[in-house]
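A.B. asks: Let me give you the structure first, and then I'll get to my questions.
The values are calculated or read from the model by the stated rules, or taken from the named source; none is laboratory data. In this text, all values refer to a predicted model and were calculated from it rather than measured experimentally. Cβ atoms come from the backbone with ideal geometry, glycine included; neighbour counts cover every protein chain shown.
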2 protein chains.
Amino acid sequence: MKLTEAKAQFISSWGAFGTHWGINRTMAQIHALLLISPDPITQDDIMEQLNISRGNVNMNTRDLIDWGLVDRVLIPGERKEFFSAEKDIWKVATQIIKERKKRELDPMLKLLTQLEKIDGDKKDAATKQFIDTVAGIRKFGGQADKMLDVMIKADESWFLGNILKFFK
Amino acid sequence: MKLTEAKAQFISSWGAFGTHWGINRTMAQIHALLLISPDPITQDDIMEQLNISRGNVNMNTRDLIDWGLVDRVLIPGERKEFFSAEKDIWKVATQIIKERKKRELDPMLKLLTQLEKIDGDKKDAATKQFIDTVAGIRKFGGQADKMLDVMIKADESWFLGNILKFFK
DNA sequence: ATTAATTTTCAATAAGTTTTGAAAATTCAA
DNA sequence: TTGAATTTTCAAAACTTATTGAAAATTAAT
C-alpha cells in the first residue's frame, strides 16, 4: 500500500472511530491528520487536505485545543498560525481519560450520590430496587474513578510494567 | 427527594450519559427503566412510562437484547412479552466492554496492522511519522485489548480485590 | 493610521439520526 | 381455520447536529 492511500484510510477510520467515542467525525479527522504530520500545519493545509470549510477547521481545532490534544504553534517569520498534536499516544490517552472523567464520570457520581438519599420505605420493592441499582452503579463508578486517577498520574513505563504483571 | 422524581432524574441522566457512549438516548433510557424495575415489564409499560411510540420501544429493546443487556421473559399465562435487564452492574459493564471491544477495538487493531506495512522510505519524514504514529497506536491498543480480555474473564470480587491492592 | 492578511463568529443550510404510526406479519386461543 | 392480540417493519416526518461561507473582528506590517 502506498503512503497516500494509507493516510486517507487512517484519517477516515480514525474519524469513524471517534464518533463511537463522543468525538465528532471532523474533529477526529483533524486530529488524525495532525498525528501523522511531522511538522505543524496551518488552517489552510487542513482545509485543503480534508476538503472542509475554514469555519469548520476553526471550530474543531479550537475544540481539540480545549481537549488538550492540540497546540497552537508560532513559527518565527510566519504570519499564519500553525497547529501541532501531541504525538505520544500514552499522553493522548491519559489526556482523553482526564477530560472525559471530568466531563462525564464525576457529574454522574455526584448525581447518583444524591439519588441514593431518596426518602421512602425500603420494604417497597420499587424503592428497594431503585436504591440498590443506584448504589451499585455508584459503587462501581467510584472504583473506576479511583483507578482512572491512578492511571492519569502514572507514567507509561510504570503502568505497562505493572499492569502486565497484574494481568499475568 | 421522592421516588417518582428520583426515577425521572435517573432515567433522564442515564439517557444523556448514554449518548456520550455511543448508545442512543432512548435505548439508554429504556435500559435505565428496566434497571430500576423490580419485575419484568411489557412494551406497553415502557411506552407509557417513557412516552414513546411502540416502534421505538420495539427497535430499542431489540438493540438492548443484541447488546446482551436485556432479556425477553415469558410469563406463564401471559400473552404479552416481558423484558428484564441484567441487574448486576459488573456483568453489565463487562458485557458492554466485550461488545465494544468486538465492534470497535478489534477492527481498528486489524486495520492498524495493515497500515503499518506501508511501502516507502523510512528516511522520508512523512513516511516515518506515519509509521511511528500507527505503530504507537497499535501497540497501545494491543495492551488495552489484553487488559480488557482479562477483565472480561475475571469475576468481580477477584478483580476488585486485586485492583485495590494494585492501585495502592 | 491605513491596509492587507488572517482568524473568528454565527445565521442559514445541509446532513444525519431518531421517532412516529399505521400497515404487514406473526402468534395463539378458541 | 378464523380472528383478535401482539409484535415487527419501514417510509415519512421531526428533531438534532455538523457544516458552510460571508461578514465582522483581530492582528501585524508598512
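A.B. asks: Out of A:35, A:50, A:69, A:74, I need the residue that is hydrophobic (A, V, I, L, M, F, W, C) and within 13 Å of DNA strand C (Cβ to nearest atom). Which one?
C.D. replies: The unique qualifying residue is A:74.
A.B. asks: Working only within region B:1-25, note down all residues that are in contact with a Gly (Cβ under 6 Å, 6 or more places away or on another chain) and not in a helix (DSSP H, G or I).
C.D. replies: Of everything in region B:1-25, just one residue is in contact with a Gly (Cβ under 6 Å, 6 or more places away or on another chain) and not in a helix (DSSP H, G or I), namely B:20.
A.B. asks: Hey, another quick one. Just wondering, is there one or more residues in region A:8-25 that are over 30 Å from residue A:150 (Cβ atoms), away from DNA strand C (no atom under 15 Å from the Cβ) and surrounded by fewer than 17 Cβ atoms within 10 Å (Cβ to Cβ)?
C.D. replies: yes
A.B. asks: Right, something else. Name the residue that is nearest to residue A:117 (Cα to Cα), counting only residues in region B:1-40 that are of a type in the set (D, E, K, R) and within 8 Å of chain A (Cβ to nearest Cβ).
C.D. replies: So the residue we want is B:2.
A.B. asks: Just the residues that are at the interface with chain A (Cβ under 8 Å from one of its Cβ atoms) and either touching a His at 6+ places or on another chain (Cβ under 7 Å) or modelled with pLDDT of 95 or more (or both), please, taken from region B:113-123.
C.D. replies: Those that are at the interface with chain A (Cβ under 8 Å from one of its Cβ atoms) and either touching a His at 6+ places or on another chain (Cβ under 7 Å) or modelled with pLDDT of 95 or more (or both): B:114, B:115.
A.B. asks: Under the condition of being within 10 Å of DNA strand D (Cβ to nearest atom) and in a helix (DSSP H, G or I), which residue from region B:26-44 is surrounded by the most Cβ atoms within 10 Å (Cβ to Cβ)?
C.D. replies: If we take residues in region B:26-44 being within 10 Å of DNA strand D (Cβ to nearest atom) and in a helix (DSSP H, G or I), then B:43 is surrounded by the most Cβ atoms within 10 Å (Cβ to Cβ).
A.B. asks: Looking for whichever is out of contact with any Leu (no Cβ under 7 Å at 6 or more places or on another chain), outside any helix (DSSP H, G or I) and more than 30 Å from residue A:8 (Cβ to Cβ) here; the options are B:96, B:75. Which one fits?
C.D. replies: Going through B:96, B:75 in turn, the sole match is B:75.
A.B. asks: Something else now. Identify, by number, the condition in (1) within 14 Å of chain A (Cβ to nearest Cβ); (2) away from DNA strand D (no atom under 12 Å from the Cβ) that residue B:50 doesn't meet.
C.D. replies: Evaluating residue B:50 over (1) within 14 Å of chain A (Cβ to nearest Cβ); (2) away from DNA strand D (no atom under 12 Å from the Cβ) leaves (1) as the failure.
A.B. asks: Only residues in region A:77-90 that are free of Cβ contacts under 8 Å to residues at least 60 places away in the same chain and under 12 Å from residue A:39 (Cβ atoms) count as the first member; pair them with residues that are part of a strand (DSSP E or B) and more than 11 Å from DNA strand C (Cβ to nearest atom), Cβ under 6 angstrom, at least 6 apart or cross-chain, and list the lot.
C.D. replies: So the pair list comes out as A:83/A:70; A:84/A:71; A:85/A:70.
A.B. asks: Something else now. Being out of contact with any strand residue (DSSP E or B) (no Cβ under 7 Å at 6 or more places or on another chain), closer than 19 Å to residue B:17 by Cα and either at pLDDT 95 or above or within 16 Å of DNA strand C (Cβ to nearest atom) (or both) is true for just one of A:110, A:128, A:87, A:102. Which residue is that?
C.D. replies: That would be A:110, the only listed residue that is out of contact with any strand residue (DSSP E or B) (no Cβ under 7 Å at 6 or more places or on another chain), closer than 19 Å to residue B:17 by Cα and either at pLDDT 95 or above or within 16 Å of DNA strand C (Cβ to nearest atom) (or both).
A.B. asks: Go through B:69, B:111 for me and flag whichever is surrounded by 15 or more Cβ atoms within 10 Å (Cβ to Cβ) and within 28 Å of residue A:12 (Cβ to Cβ).
C.D. replies: The match here is B:111.
A.B. asks: Could you pull out the residue among A:52, A:30, A:65 that is under 13 Å from the mean Cα position of the chain (by Cα) and at pLDDT 95 or above?
C.D. replies: The match here is A:65.
A.B. asks: Can you confirm whether region A:73-96 contains a residue that is of a type in the set (Asp, Glu) and facing chain B (nearest Cβ under 10 Å)?
C.D. replies: yes
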